[in-house]
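First the structure, in the form of structure tokens, and then the observations on it.
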Amino acid sequence: MQTRTKRFTNLKAANEQLQKFAKVVNSDHAIRKLHKNESLRVGIDLGTSSIVLTVLDHDNQPLYGAFEYDHAVRDGIVVNYMESVQILKRLKQKAEKVLGIELTTACGAIPPGTGESSAKIVSNVIEAAEFVCRNVVDEPTAAAQFLHLETGTVVDIGGGTTGISVFKNGKLTEVVDEPTGGFHMTLVLAGNQHIKSDEAELLKRDPKKEQNIFPIIRPVVEKMATITKTATSKTIEQPVVVVGGAINFKDFIPTFSKTLGMPVHKPSFPQFVTPLGIGMYDHE
């Protein structure tokens, strides 16, 4: 019972950080003023639907964040190098203006199992945007780092993939990635409504249309849960925490949980969990 309490305390603490962080994303101010010569950490998430930059202090407390929607990445792989670099440079400049300090180092991330070549491309994008890239980690592991999850399963629903990391007693026991994500919801919606994918993406993001949209994309959510249940060779450790911008639907968690056959937890602002976790690896 003690372990269960600790797990939920961790999610509560994470939610408090996420709520503070969400208020300053793309704003003109940080969570607090910086001290002189303060050491900062930067996380960069090159996602299928957006590129996110997060800034943390040396105690891993979030300070500021910025993002832009993009078409530069597909299924976790950078497909438009120059667009990625240009967006990242803009985000860097925006953060530096708000913080009043130059950002020099950063950490990136890739979906698990996408290989060294994918990590190298992410590193190259970061370096081309005038950072020193200190590390490239896998996305669900970064999410678990932010959540301080010792034992449990993190399911990171990205734009193009579903990444699953299983942890036991602080050790990563399995990590897998399957090609189904938020973009597949968009494709199903586009086909159903006979519209272009860009229009479907905007429709998917409109909270007012959620009641009509979710029944159309429900099968994709059920597939993601089935992937989580069947893709891992080891037992799924509880708690199961699902993160990623694609899960911001009221009925996502109940649907996912029912198909998975066990309780599932969603942090506040799940789209920022992985980017903040990535930043925690930006150190020597």
query = Relative contact order for the chain: what is it in percent, counting Cα pairs under 8 Å that are at least 6 residues apart?
reply = 21 percent
request  = Using a Förster distance of 35 angstrom, determine the FRET efficiency expected from the C-beta separation of K234 and S27, and round it to 0.05.
outcome  = 0.25
ask   = How much of the DSSP beta bridge set in the stretch 150-267 is antiparallel, as a percent to the nearest 5?
value = 70 percent
ask   = In the Gaussian network model of the chain, springs joining C-alpha atoms below 10 Å, which of D206, D251, D70 carries the largest mean-square fluctuation?
value = D206
inquiry  = So for the stretch 150-267, averaging the separation of alpha carbon pairs under 8 Å that are six or more residues apart and normalising by length, what relative contact order in percent results?
reply    = 30 percent
request  = Taking H placed 1.01 Å from N in the peptide plane, check which residues at least 5 places from D70 or on another chain put their amide H under 5 Å from its amide H.
outcome  = S50, I51
remark   = When V137, V125, V242 are ranked with the fewest other C-beta atoms within 10 Å first, the list becomes V137, V125, V242
request  = Using amide H atoms built 1.01 Å from N in the peptide plane, name the residues 5+ places from T162, or on other chains, whose amide H lies under 5 Å from its own.
outcome  = E178, T180
message = Along the Cα→Cβ direction, 7 angstrom out, place labels at K97 and S39. What is the inter-label distance in nm?
response = 3.0 nm
ask   = With the chain treated as a Gaussian network of Cα nodes joined by springs under 10 Å, which of A30, A190, A143 yields the largest mean-square fluctuation?
value = A190
inquiry  = Taking 0.36 nm per residue of sequence separation and subtracting the Cα-Cα distance, how much length would be gained by fully extending the chain between D206 and S268, in nm to one decimal?
reply    = 20.5 nm
message = Using a Debye calculation, one point per C-alpha and no hydration shell, please list log10 I(q)/I(0) for the stretch 150-267 at q = 0.10, 0.21, 0.22 Å⁻¹ in order.
response = -0.29, -1.10, -1.19
remark   = Kirkwood-based Rg/Rh on the Cα set of the stretch 119-203 evaluates to 1.10
DSSP bridge pairs, the chain: antiparallel proportion in percent, nearest 5 = 70 percent
P(r) of the chain over all Cα-Cα pairs, binned every 5 Å from zero, in whole percent = 1, 6, 13, 17, 19, 17, 13, 8, 3, 1, 0, 0
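Every number here is computed from the coordinates shown, using simple stated rules; none is lab data. Bear in mind that the values here come from a model prediction, so they are computed numbers and not experimental data. Cβ: placed from backbone, ideal geometry, glycine included. Neighbour counts: every protein chain shown.
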